[in-house]
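Step one of this worksheet: look at the structure below.
The values are calculated or read from the model by the stated rules, or taken from the named source; none is laboratory data. Please read all numbers here as calculations on a predicted model, not as lab measurements. Cβ atoms come from the backbone with ideal geometry, glycine included; neighbour counts cover every protein chain shown. Protein only, heavy atoms only, side chains kept; ligands, DNA and RNA dropped before computing areas. Shrake-Rupley method; radii C 1.70, N 1.55, O 1.52, S 1.80 Å.
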Amino acid sequence: MWNLLMLNIIGVLADILGIIGFDLLSLKIPKFCTVIWKKPIKIKPKHLEINKFHEYYYETEEMKNLVESLENKENTIIIGKPLSGKTRNIYEAIRRVEKKYAVTIVKNVDVYESNVRFPRLLKFWRTKLIIIDDLHKFVARINFHLVIREIQKQDCILLFACRSRIEYSRANNKFKKEFNFGLEELFENNKIEIQRISKEEGLGIAKHFGVKWIQANQNFDGTVGSLLLSFVEMDRRYKEEIDVKEQIILQSIKRLYCCGLYVGKQNFDLSEIKKVCEYRKLKGEDWEWEIWLLNLYKNEFFVDWNIKQIFIEEAYIEKIVEIVPEKDVSDIFREIILVFNENTDTLLKIGFNAQYQAIKSKNTEELLLVSIQAFERIIHIEPKNHQAYYHLSTSYFDLERWEKSINYASQCIKLNKRHQGVYVRIALSYLANNQEEEAEKALLKAIKHGIEFPLINVSLGIIYKKQDRIEEAINIYKKAISYSEKIDARSYLGKLIKKASGYDLAYRELGLIYLAQEQWTIAEKMLETALLINPEDFESHYSLGNVYMKLSKKDEAIREYELASKIKPEKTENVTQIIFTFIQNYNFEKAIEVCDTGLQRDPTNALLLYLKGVLFLQTKQWEKAIYNFLEVWKNKEKLPDNLELNVPTAILEGAVKSKKVPSKKFIREWLSKSESFSYESDERKKEIIHEAKQFLES
């Protein structure tokens, strides 16, 4: 007994030592991180690549909100203009927060490791906080999705920073494209936007920085950073203090910047700068380069430099350096492709960045064609580069050139059978081209290769359902659910990725099948589960409302129709369902309220105006009924199912029963219209017309 107990203790200790030993070995900082699981107080400005760090900090309301969010353990994204102080706010907030966090900062670099993973946190009592600064740059990095998918396995809080407006919109769309959800869902609208500071505030901050207001005011654009940077002076230096060769160096750096060829915030590879300069006819010996770079450093265009890298102030590249003659960004990309036309790694970065910049761009097609040029050049050099084939398929898919997308995706599969996203892309391309049979073959091939990706099964289920192969559809949806259950989802991000894998769609589609089969209870369970995963799905709310109606749960049905109406207010059918439900319960006042809500969104909606008129007749509000039906008559061509046949008689009914009797001329007009419609089978219409004639004779 004693020996057995000792063996158990030794076994447990061995496990613990094994874990510790493993993690001590793996605590080496991954290449895609700046720091790993550090105490917030130990985070330095250099870890967040803050170049001009000033001890004085102007405390904003946004920083207080950020601290509060961290104290509440909420995922948060902070957005703002360039130089608005996003990074500094993060630095100050994490150092002031009282919660025991362990901080990891993800670096803005391309990711090539096949096994991207974070080391285990030994101090398990601390809450993991993962920071991604400059998200708009990070999502343009190759394989950034591998880092995000590794983050999903961490039970952690997220703190991201991103530029506002077009950059935020582009990053948001990139997330939707890659993961099927956007930043609004990820941060549950917990978005803190740094506001513009006034001139009075700017004056006070400038004094603390030791900057004269005359100088600061020349640069001031409502951001703290603009008070520290001398744009007017730097513009003068660019035009007067540096020579043409040094201008060419800065212009070459700007070209690399436009194409996303830099590391971190603004660190440029010196060999790449020299290569672009050489293309632009600037060559020099090492000693000449040292003179040029030293002069640029003395003129404060560089933050620092060494024999490998140049660290430059991003704002100067954006605002001061001009490319002469001025070029469109797609032309800059083409030029840089020519410079690096033998370097497949750099060409991959160029193509990927062109793809990213195509999102929400005026030159979407041009930039996608540029990306195709880069990827095709890679294949010319390395015919077995599966990543190039995959990205080519993506570019052609975005251009809606389905056959080309399918062709390159098929080539990718030949080189890498485990690339799950490619199968879905092929299937979607076939479906867009109305080739269901080919789409089915592509999805079955993925399943044959053992890829357990729920969206593949869901896509196949949709095809089966469309073809009336209902039992096969049910089985494949159930398989999708079983795969989804295996997804590691410890964090809120993980749960979102799980949802985006098609998990909710599988439940929803099963619910719709059981609804069609009149198996109300099973349909109810499936649709309720779908909404637990994705509460914002219109189809699930609307269909569940229909199920509740069948189960005589009218209050629950109204709730679901109202929720569906909030998600897609333009959909009339959910509003009409709510109205009919209230009418069935003789709650006419509530039905009129729902009509009003719908008409606020679409004041000329003929069906809602018609229903509202019927409700006014029902409640004997004759004048209001007349007004509504007159509005309906103006839009009668929009009415479904020949309802316009009823309108003249409805107006006539309101007219003859109204206390404020309209003129006989008005009644004669609508009597003639009523008589021109067939009413032989409708006793009520006959009765109203008879009343109208009596009224005219009196």
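See the values below:
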item	result
1.4 Å probe accessible area per residue over region 586-671, in Å²	53 Å²
Eligible aspartates and glutamates near Lys634 by straight Cα distance, threshold 12 Å, same-chain separation 8 or greater	Glu644
Amide proton proximity set for Trp37, modelled H, under 5 Å, gap of 5+	Val103, Thr104, Ile105
Members of Lys107/Lys298; Lys28/Lys498; Lys466/Lys550; Lys44/Lys283 lying beyond 32 Å, as alpha-carbon distances in this model show	Lys44/Lys283
Solvent accessible area, Å² - Val224, 1.4 Å probe, full protein context	40 Å²
The chain, relative contact order [Cα under 8 Å, separation at least 6], %	7 percent
Excluding exposed DSSP-loop chymotrypsin sites (Phe, Trp or Tyr not before Pro) (at most 14 other C-beta within 10 Å), longest clean stretch of the chain	126-585
Normalised convex hull volume, region 302-354, alpha-carbon set, Å³ per residue	114 Å³
From phi via Karplus (6.51, -1.76, 1.60), per-residue ³J(HN,Hα) for region 192-202 in Hz, x at Gly/Pro	9, 9, 6, 8, 5, 9, 6, 5, 4, 5, x
Per residue Cα convex hull volume in Å³ - calculated over region 332-373	50 Å³
Cα long-axis angle, helix 364-381 against the chain (0 to 90 degrees, to the nearest 10)	50 degrees
Exposure ranking of Asp110, Asp398 by accessible area [1.4 Å probe, largest first]	Asp398, Asp110
Value of Rg/Rh across the chain [Cα atoms, Kirkwood radius]	1.08
Of all DSSP beta bridges in the chain, antiparallel share, percent nearest 5	35 percent
Ellipticity estimate at 222 nm from DSSP helix runs (n ≥ 4, -39,500 (n - 2.57)) divided over the chain, nearest 500	-19000 deg cm²/dmol
HN-Hα J in Hz across region 330-337 - Karplus 6.51, -1.76, 1.60, θ = phi - 60°, x for Gly and Pro	5, 5, 5, 4, 4, 5, 5, 4
Per-q log10 I(q)/I(0), region 237-321, q = 0.10, 0.20, 0.25 Å⁻¹ (Debye; single scatterer per alpha-carbon; no solvent)	-0.20, -0.87, -1.50
q = 0.15, 0.19, 0.24, 0.27 Å⁻¹: log10 I(q)/I(0) that the Debye formula gives for region 126-208, counting C-alpha atoms only	-0.64, -0.88, -1.27, -1.54
Note, ³J(HN,Hα) from phi for region 443-449, Karplus 6.51, -1.76, 1.60, rounded to Hz, x at Gly and Pro	5, 5, 5, 4, 5, 4, 7
